[in-house]
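To keep things clear, I will list the structure first and then write my remarks on it.
The values are calculated or read from the model by the stated rules, or taken from the named source; none is laboratory data. Worth saying up front: this structure is predicted, and the values here are computed from it rather than measured. A quick note on method: Cβ atoms are made from the backbone with ideal geometry, for glycine too, and the neighbour counts reach across all protein chains shown.
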Amino acid sequence: MTMQGKRVAILESRLGRQLVELVEQRGGLAFHAPALAELPDLDPQAIAALVSSLETQPAKLAVFQTGVGTRALFAATDTLGLTKSFLELLEKTIVAVRGPKPTAALRQRRVRIDRAATDPFTTNEVLESIKDVELKGERVIVQRYGSANVELDRALEARGATVLEIPTYRWTLPADTAPLAELIDALDRGEMHAVVLTNAEQVRNLFTVAERSGRADRLRTALNHTLVASIGPVASAALRAAGIEVGLEASPPKLGALITSLDQALS
């Protein structure tokens, strides 16, 4: 068991139990402190209005960023009886995807995919995949993930596009932040060998909890004396913006690669 006795903090929420089990299977001691809650943020009336407006003012491009959000969007059009109309509109639109999860969700609906971001599936790769699409004066639909992708929106607007965001869910702090506070205490005492982050928002939420007790600087110091494992470039950018050194970054940005790299680093 290569992680034998190593204490590993897991901040992932949705797949947190899966990560905990992977660490424990390798002999590690997992500390689960979910740092993110996903709340529905989909307005059926707004979806109906969007579909109606697209029938008179079609979009040139539609960007789908997450599997969860794509499925939530289609669940809403199902309820509204608008799925057939929405699918017909997408047939006349350039469809771009950010990664494998929205790709799978769209294929379930038999949506043609025209452009796909390459690994590591960040905003940069999305923009690269559509760099030759003329957007001046055109409408662009962006399926939002847990927060607005300001970088993507601004880049599209800079090319002359009008961006129509479709919120489907939003990220917030979990209702119970006690585990995060306990983690901050444990890090301050030097009790963690590694911290695993799978989302940029987890970084921001962890520091939000620390700031409530005036311990943001102590948290930053503690993390910089701990192995910080990042799922990929977006999470790593958020860590660096917070003044945290990234100990390892998964490649490709997937849980399996993340655990394998962590396993090697801790063994």
*If you scan region 170-180, which residues turn out to be of a type in the set (Gly, Ala, Ser) and either at pLDDT below 95 or not in a helix (DSSP H, G or I) (or both)?*
175
*asked:* Any residue that is more than 15 Å from residue 9 (Cα to Cα), out of contact with any Cys (no Cβ under 7 Å at 6 or more places or on another chain) and either touching a residue at least 24 places away in the same chain (Cβ under 8 Å) or part of a helix (DSSP H, G or I) (or both) - is there at least one of those in region 181-198?
replied: no
*Could you tell me which numbered condition residue 31 fails, if it satisfies all but one of (1) assigned by TED's automatic domain parsing to the domain that holds residue 258; (2) assigned to a helix (DSSP H, G or I); (3) hydrophobic (A, V, I, L, M, F, W, C)?*
(2)
*asked:* Considering only region 98-107, I want to know if a residue exists there that is surrounded by fewer than 16 Cβ atoms within 10 Å (Cβ to Cβ), closer than 19 Å to residue 54 by Cβ and of a type outside the set (S, T, N, Q).
replied: no
*Of the residues that make up region 10-24, is at least one crowded, with 20+ Cβ neighbours inside 10 Å, in contact with a Ser or Thr (Cβ under 8 Å, 6 or more places away or on another chain), closer than 30 Å to residue 140 by Cβ and of a type outside the set (Asp, Glu)?*
no
_Single residue of region 199-224 satisfying the filter (of a type in the set (S, T, N, Q) and assigned to a helix (DSSP H, G or I)) that is farthest from the chain's Cα centre (by Cα)_ = 221
_Return the residues of region 235-260 that are assigned to a loop (DSSP other than H, G, I, E, B) and in contact (Cβ under 8 Å) with a residue 40 or more places away in the chain; say none if nothing qualifies._
244, 247, 251, 252, 253
*Restrict the check to region 233-244 and report whether at least one residue is surrounded by 16 or more Cβ atoms within 10 Å (Cβ to Cβ), farther than 21 Å from residue 146 by Cβ and of a type outside the set (D, E, K, R).*
no
*How many of the residues in region 140-162 are crowded, with 17+ Cβ neighbours inside 10 Å and either under 20 Å from the mean Cα position of the chain (by Cα) or at pLDDT below 95 (or both)?*
11
